[in-house]
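Trainee: Right, I'll just put the structure down here and ask away after.
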Amino acid sequence: MFIITFGLSEIWYDETTGEVFWRAVPTENFDATRHKFRVATQAENLRTMQAIYSLIRKHRPDAPIVFTLSPVPLTATFRPISAVVASAASKASLRGALDEFFADSMAHGAFYFPSYELYWSASKTASWKTGSTFTSTS
């Protein structure tokens, strides 16, 4: 079984090789002429999900694959916007790509576990202060 958790659509990459880093480049290794930052599009995220699926199927055709979306928000961004806004955009892009991926019939033997939705659904009333006019019906 493979469990793949997608977290962010913000990417640091090596412009020379095209390789993507798993995190921001440490300051002592940073080279502004080659280390770049960008945000992956929903279409790019979908292509990445399809590539991961195809690679697993090539080597393990019968293995179950579970995709999830991490509920952990960004706490900082290199974009000139709020980390709250960047986090929402990042999660929306990834969740949209996951929705497209699972709408495609090629996703045989792959499943989506709603960790993102479970976390945010369970904690939605926690974000409202006591005395708020908001009332939960769930």
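The values are calculated or read from the model by the stated rules, or taken from the named source; none is laboratory data. This structure is a prediction, so every number in the text was calculated from the model and none was measured. As a convention, Cβ positions derive from the backbone with ideal geometry for all residues, glycine included, and neighbour counts pool all protein chains shown. Surface accessibility is based on the protein's heavy atoms, side chains included, excluding ligands, DNA and RNA. Shrake-Rupley method; radii C 1.70, N 1.55, O 1.52, S 1.80 Å.
Trainee: It is to be established whether one or more residues within the stretch 88-104 are part of a loop (DSSP other than H, G, I, E, B) and either in contact with a Leu (Cβ under 7 Å, 6 or more places away or on another chain) or modelled with pLDDT under 95 (or both).
Mentor: yes
Trainee: Out of everything in the stretch 3-15 that is at pLDDT below 95 and of a type in the set (A, V, I, L, M, F, W, C), what residue ends up being most open to solvent (accessible area, probe 1.4 Å)?
Mentor: LEU8
Trainee: From the list LEU55, LEU46, LEU74, which residue is assigned to a helix (DSSP H, G or I) and buried (at least 17 other Cβ atoms within 10 Å of the Cβ)?
Mentor: LEU46
Trainee: Restricting to the stretch 58-69, what's the tally of residues that are under 20 Å from LEU46 (Cα atoms) and open to solvent by less than 20 Å² (accessible area, probe 1.4 Å)?
Mentor: Qualifying residue count for the region: 4.
Trainee: Residue check: is ALA32 open to solvent by less than 60 Å² (accessible area, probe 1.4 Å) and either in contact with a Phe, Trp or Tyr (Cβ under 7 Å, 6 or more places away or on another chain) or closer than 18 Å to ARG79 by Cα (or both)?
Mentor: no
Trainee: Going by the conditions given, is THR68 at pLDDT 95 or above and among the hydroxyl-bearing types (Ser, Thr, Tyr)?
Mentor: yes
Trainee: Could I ask something else about it? So which of PHE30, PHE67, PHE6, PHE2 ends up being more than 25 Å from GLU117 (Cα to Cα) and either out of contact with any Asp or Glu (no Cβ under 7 Å at 6 or more places or on another chain) or charged (D, E, K, R) (or both)?
Mentor: Unique residue meeting the criteria: PHE30.
Trainee: Might you let me know whether the stretch 78-98 holds any residue that is touching a His at 6+ places or on another chain (Cβ under 7 Å), of a type in the set (Val, Ile, Thr), surrounded by 11 or more Cβ atoms within 10 Å (Cβ to Cβ) and free of Cβ contacts under 8 Å to residues at least 24 places away in the same chain?
Mentor: No: zero hits.
Trainee: Let me ask something additional. Restricting to the stretch 45-62, name every residue that is of a type in the set (A, V, I, L, M, F, W, C) and within 15 Å of GLU100 (Cα to Cα).
Mentor: Of everything in the stretch 45-62, those that are of a type in the set (A, V, I, L, M, F, W, C) and within 15 Å of GLU100 (Cα to Cα) turn out to be LEU46, MET49, ALA51, ILE52.
Trainee: Would you pick out the residues in the stretch 16-25 that are in a loop (DSSP other than H, G, I, E, B), over 14 Å from PHE78 (Cα atoms) and either of a type outside the set (Ser, Thr, Tyr) or open to solvent by less than 90 Å² (accessible area, probe 1.4 Å) (or both)?
Mentor: THR17, GLY18, GLU19, PHE21, TRP22
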